[in-house]
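So the structure is just underneath, and the comments pick up after that.
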Amino acid sequence: MHIEPGKKSLELTEELANHIVQRLAEGGQPPELGIQFINVGNESYLSILEHEYFERILKGGSSFKLVEGYFGGGKTHFLYCVKELSWDHGFATSMVELSPNECPYDDPLKVYQAVARGLSTAPPEGRLAPMRGLTLLLENHADDLVSDNGKKMALTYLRRTLRGVPCESHSFRQAVVAYLRADIEEDDETSAVLGAWLSGEPVTAAQVRAHGVFEPMTRSNAFVMLRSLSQMITGMGMPGLVLLFDEVDRNMSVGPRRIRSIGDNLRQVIDLCGRSQLPGTLFLYAVPPEFMRNIVPEYPALHQRLRSPIPFSIRSPQAPVIDLQLLDLEPVALLEALGDRILAVFEKARGIHLDHELQARNISLLARKCVEGEFELNHRRLFVKIWTDALFRQMVDGEEDLQTRVEEDMVLKAVEDLASKTDTWKEAGNDVFADGDGKENEEDEENEENEGDEEDPDSGWEQQ
């Protein structure tokens with residue numbers, strides 16, 4: 001599917017509106033698609049990214065930004081906004097949730113595998129979710145080549161043009177070209193083997209050597225493969241790639257060895273940005289403020305690169321850190337604007353029209369009460385859940401002034417529950433990035449050392 005860069009590819013249909021409302025109502029989570037219809041407060045940041053980066057720097061260049069925000073403070077929401085902005089400009093994206101066990105940033109192979117699984121472009125019209133995966137992206141590209149040029153010319157293009165695209169890994173370029181050729185020629189067996197290799201799955205040397213692939217995908221070369229992926233995406237004619245990494249583990253405990261590994265990987269990415277190895281690539285890495293306070297200072301080389309005397313703004317678009325505590329609106333005004341957006345989406349989803357003057361008073365009441373009982377920035381998620389609940393109830397029972405009901409008590413009770421849980425976490429020594437008594441870090445270091453003693457299944461094809 002061809003998306004004209006800069007063209008807004010989404011419209012708020014009834015189906016999409018229902019998807020948004022369902023995500024908000026059930027868990028207070030941002031919708032997978034359509035975040036632009038409920039987004040408020042970060043427009044200045046998005047405008048800078050669009051005009052300074054997508055329209056200028058990313059036309060052949062690259063950039064790294066650290067996104068900083070409290071748990072529940074809008075990090076995932078912001079990444080979703082950047083994802084849709086990227087699609088509007090024709091970029092491929094991959095959003096990866098990082099966690100110490102399933103996908104730690106200090107394990108390059110797991111990171112590559114997650115990026116390859118999550119790779120997507122703007123969804124076709126009428127779909128509520130994009131088609132994900134590197135192999136699907138390549139198949140769509142093969143279909144476009146054949147439909148635009150015919151089978152014979154498409155194969156000639158692969159042989160004469162794509163095989164000559166500058167790429168750091170010869171094996172990766174060969175695998176991409178061979179996979180596209182196999183897809184065009186309907187060679188399912190070859191597609192399956194090369195698709196597994198491109199996804200970071202283990203295959204034998206005998207299975208892929210005939211296609212010009214002479215190295216396995218391992219921890220030691222996975223970041224080279226990630227850079228090669230970026231190079232091949234632009235080589236195939238797309239504007240570029242946006243990688244969105246989201247640290248989702250609130251209570252992760254980071255030992256010294258892991259700090260060094262994460263710090264070194266981030267430093268390498270920052271240093272590579274702006275060079276020819278990462279054409280049209282934007283890295284966003286979202287973390288809580290504790291990451292900057294407790295982890296970055298432990299790695300001086302990274303600390304020096306992330307320090308900036310001026311925050312990210314229109315006057316300082318080059319600043320490396322985007323601070324989500326510095327938004328366009330104050331907390332109450334932000335929730336009021338968010339409430340208006342949710343109201344419009346709810347009306348579209350349910351095909352109804354509510355009294356906007358009455359609902360504006362209701363929104364203002366709930367916004368004030370949520371902010372008054374603020375716990376970190378969780379008042380946003382709290383507001384979203386209470387407001388969507390109030391809308392559903394009014395749809396069934398009729399509209400009313402919430403001042404006459406028990407919404408205030410609902411808010412206060414919800415805030416008390418959050419505060420109680422937080423006190424419990426802190427008493428147990430499980431605060432964000434807390435060292436506690438050091439046992440978690442010691443166990444983490446011991447596990448890492450034990451891992452090093454085990455036989456490495458990715459040590460190379462020479463053992464096979």
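No value in this document is a laboratory result; all are computed from the given coordinates. This is a predicted model, so every value here is computed, not measured. Note that each Cβ is placed from the backbone with ideal geometry, even for glycine, and that neighbours are counted across all protein chains shown.
In order along segment 307-321, phi translates into HN-Hα couplings of 6, 8, x, 10, x, 4, 6, 5, 7, 9, x, 7, 4, x, 10 Hz, rounded to whole numbers, per the Karplus curve 6.51 cos²θ - 1.76 cosθ + 1.60 with θ = phi - 60° and x for Gly and Pro. Among the listed pairs Lys75/Lys385; Lys348/Lys385; Lys75/Lys369; Lys83/Lys110; Lys75/Lys110; Lys110/Lys152, those whose Cα-Cα separation exceeds 27 Å are Lys110/Lys152.
A simple spin-label model places pseudo-atoms 7 Å from Cα toward Cβ; at Gln403 and Ala301 they are separated by 6.1 nm.
Here the calculated FRET efficiency for Asn18 and Lys152, from their Cβ-Cβ distance with R0 = 45 Å, stands at 0.50, rounded to the nearest 0.05.
Rounded to the nearest 0.05, the FRET efficiency derived from the C-beta distance between His51 and Met395 at R0 = 51 Å is 0.80.
Enclosing the Cα atoms of segment 1-113 in their convex hull gives a volume equal to 149 cubic angstrom per residue. Beyond 16 Å, what share of the Cα-Cα pairs of segment 135-220 is found? Please give it as a whole percent. That tail contains 50 percent of the Cα-Cα pairs.
What's the FRET efficiency of His356 with Arg209 using the Cβ-Cβ distance as r and R₀ = 51 Å, to the nearest 0.05? Efficiency, rounded to the nearest 0.05: 0.15. For Val321, the residues whose modelled amide H falls within less than 5 Å of its own, excluding neighbours fewer than 5 places apart on the same chain, are Leu66, Phe312. Along segment 35-45 the Karplus relation, 6.51 cos²θ - 1.76 cosθ + 1.60 evaluated at θ = phi - 60°, assigns HN-Hα couplings of 4, 4, 7, 10, 7, 8, x, 10, 4, 4, 4 Hz to successive residues, with x for each Gly and Pro. Net charge dipole, segment 43-156: roughly 260 debye, given to the nearest 20, about the Cα centre with Cβ charges of +1 for Lys and Arg and -1 for Asp and Glu.
A full extension of the chain between Gln268 and Asp188 corresponds to an added length of 25.1 nm, given 0.36 nm per residue minus the alpha carbon distance. With the cut-off at under 17 Å, measuring from each backbone N in segment 46-68 to a point 7 Å along the Cα-to-Cβ line of Arg315 picks out 48.
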